[in-house]
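Peer 1: One structure coming up, written as structure tokens, with questions to follow.
Quick note: the coordinates plus some simple rules give every number you see, no bench work behind them. Computed from a predicted model, the values in this text were never measured in an experiment. Reconstructed Cβ throughout: ideal geometry from the backbone, glycine too, with neighbour counts over all protein chains shown.
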Amino acid sequence: MELSFPERFLWGAAGSAHQIEGNNVASDLWALEGRPGGFLRERSGDACDSYHRWREDLDIVRDLGLNSYRFGIEWARVEPVEGQISRAVLAHYRRMIEGCLERGLTPIVTLHHFTSPLWFQRAGGWTDGEAAERFRRYVRAVRPILDDVAYVCTINEPNMLAMMANLIKGGEREGGVAGALPPPDQAVADGLAAAHRAAREELAGLRSGWTIANQNFEAADGATAERDAWAWPREDRFIEVAKDDDFIGVQAYTRVRVGADGALPVPGDVRRTITGWEFYPAALGNAVRYTAARAPGVPILVTENGIATADDAERVEYTRAALAGLHAALADGVDVRGYLHWSLLDNYEWGSYAATFGLVSVDRETFERTVKPSARWLGEVARAGALTPA
Ligand code: BGC
């Protein structure tokens, strides 16, 4: 039996500025990439050259039959030097928003997706007393081009960003699932919450919210109290910040089991994806239910869900099961407004091009895009507004 989704459901694909645009030279990540001993082993370089090829990307999204596109505006391009706003860059992003509208695609825009201008990082990053005001000034500069944007994501995965802050300090990445990392830097988390609130004030009149990495923390062996203590600094406190927002972005890929001594490693005999995460499509349905229970009344947008795999049939298998879980949550009354698959393109996966999350592959020399069968499959689901379960 077919599973029908609501009439005006958004179906789309997502990406972030740094991961697809290329040559984001004024950013803090660009400066970190390729450092000997650092955790970003491979450089982003030209990425997918989407700064120039965005029209082609939008044409692909439209031709697939999707109706929405999530993309990022890069602060380091808009304000490469403190106080110096590039009008040309703002005009570029405005053309992208209009490019979506012309193609009948609902634009969803992210204002911060892991990367900041290098000057901002050097001035103390998110823990500096001026951080929230610096972010506010950037958002104020961008606000005039955001008319007609359906959803504005202020900061992507603040919980992950706060965990990365600790990683960057340590200079090492242990690998594995984000939710198994050391706890987020609490001062960074506070700085991000203040910046988010400041941004939302500037965005009055638009629908704004932030997007949270949901890790499906599960208690193992009855370790419920430990699970809750683990989840609070890594996830729940970020949902709490969003409980009066216009929407919450939910991003889910896998689960993390938590025992008496913290996160447990993924067992050796479990099916895994390229990133080493457990193949666990139920993550999505669980994540939206979890979020809805903690932020009642706040509409949810799935701003990311997908799988790093070289086997495109496995992408369809994963996504079909994830969408079935999402459908069940909708049927139970969870207010989900749309599904944005991560990712449109095989892009820069924070230190490597090996983890292919894309619906579309990209030739690393010519940047030629090749649409994968999974993309066509998702497009058909979108056109029909219905899913045939496995
Ligand atoms: C991020 C993306 C990333 C994806 C897969 C999320 O943590 O927002 O930038 O590529 O997950 O790891």
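Peer 1: Using the reciprocal of the averaged 1/r over all distinct C-alpha pairs, how large is the Kirkwood radius of the range 234-294 in Å?
Peer 2: Evaluated over the range 234-294, this radius sits at 13.3 Å.
Peer 1: Roughly how many debye, to the nearest 20, is the charge dipole of the chain about its Cα centre, given +1 on each Lys and Arg Cβ, -1 on each Asp and Glu Cβ, and no other charges?
Peer 2: Roughly 500 debye, rounded to the nearest 20.
Peer 1: What translational diffusion coefficient, in µm²/s and rounded to a whole number, does the Stokes-Einstein relation yield for the range 275-387 at 25 °C and a viscosity of 0.890 mPa s, taking the hydrodynamic radius as the Kirkwood radius over Cα pairs?
Peer 2: For the chosen part, D equals 165 µm²/s.
Peer 1: Here's something else I'd like to know. What share of all Cα pairs of the range 66-201, in percent, falls into each consecutive 10 Å distance bin?
Peer 2: Answer for the range 66-201: a P(r) of 12, 40, 31, 16, 1 percent.
Peer 1: Counting Lys and Arg as +1 and Asp and Glu as -1, each charge on the Cβ, what is the dipole of the range 324-375 about the Cα centre in debye, to the nearest 20?
Peer 2: Computed about the Cα centre, the dipole is about 80 debye.
Peer 1: In whole Hz, what ³J(HN,Hα) sequence does the range 380-390 give by Karplus (6.51, -1.76, 1.60; θ = phi - 60°), x for Gly and Pro?
Peer 2: 5, 4, 5, 4, 7, x, 8, 10, 8, x, 5
Peer 1: May I pose another question? Mind checking Rg over Rh on the range 190-307, alpha carbons, Kirkwood formula for Rh?
Peer 2: Using only Cα positions, Rg/Rh for the range 190-307 is 1.01.
Peer 1: If the convex hull of the alpha-carbon atoms of the range 45-131 is projected onto planes in all directions, what is the mean projected area in square nanometres?
Peer 2: For the range 45-131, the mean projected area of the Cα convex hull comes to 6.5 nm².
Peer 1: Treat the range 1-80 as a sphere of radius equal to its Kirkwood radius over Cα pairs and apply Stokes-Einstein at 10 °C in a medium of 1.306 mPa s; give the translational diffusion coefficient in µm²/s, rounded to a whole number.
Peer 2: My calculation gives 108 µm²/s for D.
Peer 1: How do Ile307, Ile60, Ile155, Ile274 line up, fewest other C-beta atoms within 10 Å first?
Peer 2: Ile274, Ile60, Ile155, Ile307
Peer 1: A follow-up question, please. Taking other Cβ within 10 Å of each residue's Cβ, how do Thr115, Thr366, Thr211 sort, fewest first?
Peer 2: Thr366, Thr115, Thr211
Peer 1: Among Leu378, Thr273, Pro144, pick out the residue whose Cα is farthest towards the positive end of the charge dipole of the chain, where Lys and Arg carry +1 and Asp and Glu carry -1 on C-beta, about the Cα centre.
Peer 2: So the residue we want is Pro144.
Peer 1: Check which residues have an amide H placed less than 5 Å from Ser27's amide H, if you skip close sequence neighbours.
Peer 2: HN-HN under 5 Å from Ser27: Leu118.
Peer 1: Please state the equivalent ellipsoid semi-axes for the range 58-99: what are the square roots of 5 times the Cα gyration tensor eigenvalues, largest first, in whole Å?
Peer 2: 27, 10, 6
Peer 1: On to the next question. Would you grab the residues whose amide H sits under 5 Å from the one on Val250? Only those 5+ places off in sequence or on another chain, please, with H modelled 1.01 Å from N.
Peer 2: Amide H neighbours of Val250: Ile212, Leu301, Val302, Thr303, Glu304.
Peer 1: For the charge dipole of the range 3-380, defined by +1 on Lys and Arg C-beta atoms and -1 on Asp and Glu C-beta atoms about the Cα centroid, which residue among Thr106, Trp350, Gln215 has the Cα displaced farthest towards the positive pole?
Peer 2: Checking the options against the dipole of the range 3-380, the answer is Thr106.
Peer 1: Report, to one decimal in Å, the Kirkwood hydrodynamic radius for the range 3-380 based on all distinct Cα pairs.
Peer 2: After inverting the pairwise mean of 1/r, the radius is 20.6 Å.
Peer 1: Quickly estimate the mean residue ellipticity at 222 nm for the chain, helices only: each DSSP H run with n ≥ 4 gives -39500 (n - 2.57), and the total goes over all residues, rounded to 500.
Peer 2: So the helix-based figure for the chain works out to -11500 deg cm²/dmol.
Peer 1: Moving on to the next point. Non-local amide H neighbours of Ser352 (under 5 Å, H modeled in plane, Pro and chain starts lacking H): which ones?
Peer 2: Amide H to amide H, under 5 Å and 5 or more residues apart or across chains, Ser352 pairs with Glu42.
Peer 1: What ranking of Met160, Met1, Met96 emerges when the number of other C-beta atoms within 10 Å of each C-beta is taken as an exposure proxy, fewest first?
Peer 2: The most exposed by this proxy come first: Met1, Met96, Met160.
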